[in-house]
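One structure is given here, and the rest of the page talks about it.
The values are calculated or read from the model by the stated rules, or taken from the named source; none is laboratory data. Note that the structure is predicted; figures quoted are calculated from it, not measured. Cβ placement follows ideal geometry from the backbone for every residue including glycine, while neighbour counts extend to all protein chains displayed.
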Amino acid sequence: MESKFNELLAKRRSIYALSDRVDAQPEEIFNLVKETVRNSPSAFNSQSVRAVVLFGASSDKVWDIVEETLGKIVKDPEAFKKTQAKIASFRAGYGTVLYLTDTEIVHNLEKQFPSYAANFAPWAEQAIGGAQQAVWAALAEQGIGASLQHYNPLIDEAVHEAFNLPASWQLRAEMPFGAIEAPAGDKDYLPENEVFKLIK
């Protein structure tokens, strides 16, 4: 059975060599992210995923915050040089998507449905994971590279202050994106019999 969808998922890779040489306008990418997140599923149709799409100096600001924050933590100068080079590769892109969970929605659902209360936080994680993969694949379809980074919670406070985000929006990941300047490396897969079972 052929699947163009799986071809697209295979195209979605972690791209670290990025540049800002993207033909699409910021508004076009914003609308792509918006529609993709809106069409992603969430438990109880909770719609707890929040996405902030940043370009230009605003996108750079995220990686400035990351660099400044890690500069206070990483004490080895040589190790920090490698960290700086990695951060510079993200800053070199066209923009950054911040993925956040609206915890107010999660807490309200916990109160409304106490029998399921313990599940709403994990379900919110599933929702944001689905949205991230969908946006990643949507960007890949347009020939735009991306990767998913997790500098939260180290940068949470500074990011909220820099972009005036609601206190209930919990940062979960950062996705730098841009033109693909070098392809992803080879991807290894676990043996199929360790991952899948067919039961008739």
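Here Glu67 qualifies as assigned to a helix (DSSP H, G or I) and within 22 Å of Leu154 (Cα to Cα).
Yes or no: Tyr151 of a type in the set (Ser, Thr, Tyr), without any contact (Cβ under 8 Å) to a residue 60 or more places away in the chain and either more than 13 Å from Tyr99 (Cα to Cα) or crowded, with 17+ Cβ neighbours inside 10 Å (or both)? No: the conditions fail for Tyr151. Counting only helices (runs of 4 or more DSSP H) that sit wholly inside the range 88-171, those with at least 2 residues that are more than 24 Å from Glu27 (Cβ to Cβ) and of a type in the set (S, T, N, Q) are 103-112.
Is there a residue in the range 109-131 that is surrounded by 14 or more Cβ atoms within 10 Å (Cβ to Cβ), under 18 Å from the mean Cα position of the chain (by Cα) and farther than 25 Å from Ser46 by Cβ? Looking through the range 109-131, none of the residues is surrounded by 14 or more Cβ atoms within 10 Å (Cβ to Cβ), under 18 Å from the mean Cα position of the chain (by Cα) and farther than 25 Å from Ser46 by Cβ.
Checked against (1) part of a loop (DSSP other than H, G, I, E, B); (2) surrounded by 15 or more Cβ atoms within 10 Å (Cβ to Cβ); (3) of a type in the set (Gly, Ala, Ser), Gly185 meets all criteria but (2).
Going by what's in this entry, would Glu141 be described as at pLDDT 95 or above, touching a Lys or Arg at 6+ places or on another chain (Cβ under 8 Å) and charged (D, E, K, R)? Spelling it out, Glu141 is indeed at pLDDT 95 or above, touching a Lys or Arg at 6+ places or on another chain (Cβ under 8 Å) and charged (D, E, K, R). If I ask for residues that are charged (D, E, K, R) and at pLDDT below 95, which ones from the range 170-187 would you list? Residues satisfying the conditions are Asp186, Lys187. Taken as a whole, the range 38-53 holds at least one residue that is at pLDDT 95 or above, among the basic types (Lys, Arg) and in a strand (DSSP E or B).
Among the residues of the range 43-62, which ones are over 26 Å from Gln126 (Cα atoms) and either without any contact (Cβ under 8 Å) to a residue 60 or more places away in the chain or of a type outside the set (Gly, Ala, Ser) (or both)? Answer for the range 43-62, where residues must be over 26 Å from Gln126 (Cα atoms) and either without any contact (Cβ under 8 Å) to a residue 60 or more places away in the chain or of a type outside the set (Gly, Ala, Ser) (or both): Phe55, Gly56, Ala57, Asp60, Lys61. Could you please let me know if Leu190 is more than 29 Å from Val22 (Cβ to Cβ), buried (at least 20 other Cβ atoms within 10 Å of the Cβ) and over 18 Å from the mean Cα position of the chain (by Cα)? In short, no.
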